[in-house]
Amino acid sequence: SFGCRMGCGVSAPAVMADQATATVPALMADEAAASATPASDVTQAIEAIRAGSAVLVDVREQGEWDAGHLEHATLIPLSQLNAPSAELAAAIAKLKGSTVYVHCRSGGRAGSAAPLLEQQGLSPVVPLKEGYRVLLKAGLPEAQ
C-alpha cells in the first residue's frame with residue numbers, strides 16, 4: 001500500500017480501481033457524444049441541401065442510380081472512390097467548398113465512403129444513416 005499523507009489507510013490500487021471504474025463510463029459517454037454528429041440529422045441535411053448550402057452525394061452503384069435517385073444528388077459510386085480517374089477528379093472538384101452529405105441504400109456504404117471523400121479533399125463530409133428510401137419519405141424529391 002502506498003503511504004497516504006493524510007493517514008487515510010486506503011491502498012493506491014484500490015483508489016486507482018475506483019477512479020478507473022468511475023472514469024470508463026464517463027469516457028464512453030464523451031466518446032459517444034464526440035462520434036454523434038448533430039449534422040447527420042436528416043431534417044437539417046435536407047434543409048441545407050434545399051437551400052444550396054450543402055450537396056448530396058449518392059455512393060450507390062450505377063444500376064441502383066438508374067433505378068431511381070434523388071433530384072439533388074451527385075453520383076460517385078463507392079467502387080470508384082479507390083480508382084482515381086479524370087471523371088472522379090472532375091466530380092470532386094465541383095463539390096469542394098461545400099458541406100457534403102453522403103447517402104446510399106441503407107447507410108453502410110455512406111459510412112465507408114465518407115473518409116474516402118475526405119481523402120479526396122472534401123470537408124466536411126457527413127455520412128447519413130438514412131438511406132435512399134428514407135430520404136424520399138423525408139421529403140427529398142426523386143429525380144424525373
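The values are calculated or read from the model by the stated rules, or taken from the named source; none is laboratory data. The model shown is predicted, which means the values in this text are computed figures rather than measured ones. Note that we place each Cβ from the backbone using ideal geometry, even for glycine, and neighbour counts take in every protein chain shown. What goes into the accessible areas is simple: the full protein's heavy atoms, side chains included, and nothing from ligands, DNA or RNA. Shrake-Rupley method; radii C 1.70, N 1.55, O 1.52, S 1.80 Å.
Descriptive notes on the structure:
- Put simply, of LEU70, LEU117, LEU128 the only residue that is touching a residue at least 60 places away in the same chain (Cβ under 8 Å) and either more than 16 Å from the chain's Cα centre (by Cα) or surrounded by fewer than 12 Cβ atoms within 10 Å (Cβ to Cβ) (or both) is LEU70.
- Annotation note: of SER85, SER35, the sole residue that is more than 15 Å from the chain's Cα centre (by Cα), polar (S, T, N, Q) and either modelled with pLDDT of 95 or more or farther than 24 Å from GLN144 by Cα (or both) is SER85.
- Lone unmet requirement of (1) without any contact (Cβ under 8 Å) to a residue 24 or more places away in the chain; (2) in contact with a strand residue (DSSP E or B) (Cβ under 8 Å, 6 or more places away or on another chain); (3) of a type in the set (Gly, Ala, Ser) for GLY108: (2)
- Any hit, the range 45-67, residues being over 13 Å from the mean Cα position of the chain (by Cα), open to solvent by 40 Å² or more (accessible area, probe 1.4 Å) and of a type in the set (A, V, I, L, M): yes
- Total residues in the range 127-142 satisfying the condition of being out of contact with any Lys or Arg (no Cβ under 9 Å at 6 or more places or on another chain), of a type in the set (A, V, I, L, M, F, W, C) and either part of a helix (DSSP H, G or I) or over 14 Å from ARG60 (Cα atoms) (or both): the figure is 4.
- Exclusive hit being in contact with a Ser or Thr (Cβ under 8 Å, 6 or more places away or on another chain), at pLDDT 95 or above and outside any loop (DSSP other than H, G, I, E, B), set VAL55, VAL102: VAL55
- The single condition among (1) touching a helix residue (DSSP H, G or I) at 6+ places or on another chain (Cβ under 9 Å); (2) under 22 Å from VAL42 (Cβ atoms); (3) at pLDDT 95 or above that ILE92 does not satisfy is (2).
- None of ALA110, ALA114 is in contact with a His (Cβ under 9 Å, 6 or more places away or on another chain), within 30 Å of GLN144 (Cβ to Cβ), part of a helix (DSSP H, G or I) and modelled with pLDDT of 95 or more except ALA110.
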